[in-house]
Amino acid sequence: MSDKLLSPRELRVWHAFKLMGEDVLTRVGRDISDATGLSGSEFGVLSRLAAIGKGEMRQQVLANMMGWDKSRLSHQLTRMKARKLIERRSTGNNTVLVVLTRLGQQKLDDARPIHAESVRRNLLSRLTSEQIDAIVRVSNILGEDEDE
């Protein structure tokens, strides 16, 4: 590991990258919350359950998809279960299934158009087609495994 600190230019890039994502995510999350009462994290869990898991998913798989540690997801799911957005079902073998409830699906259905409009307003409409393509290219590069 290097002891060399980031240069001023490297710091500018790092801060721009962080602030860009945080700002857009905060705005979109606020729009969803104001309109539906769902937090951005709840929307993320519900949308993954619905789209990828077809309404249910193993808790560990969901944690991996969210990029969250087991504890963070467990606390989030406890809050969501109390709000009747999800159910947890033990299937034995230390496996827990997270299941989308009817209320969770309804809240997600209510939030999706808000999410779409907010993403368009807070991100897509503010960028040119070329800038959007550049973000996608950078994301693909950063998403690659360094070992490959």
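Derivation of every value follows stated rules applied to the coordinates shown; laboratory data play no part. Because the structure is a prediction, the values reported are computed rather than measured. Reconstructed Cβ throughout: ideal geometry from the backbone, glycine too, with neighbour counts over all protein chains shown.
Computed values, structure above
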item: Pairs with Cβ under 7 Å, 6+ apart, first in the stretch 1-24 and without any contact (Cβ under 8 Å) to a residue 60 or more places away in the chain, second surrounded by 11 or more Cβ atoms within 10 Å (Cβ to Cβ) and assigned to a loop (DSSP other than H, G, I, E, B); result: Trp14/Leu6
item: Residue among Leu127, Leu108, Leu123 that is hydrophobic (A, V, I, L, M, F, W, C) and closer than 20 Å to Leu38 by Cα; result: Leu108
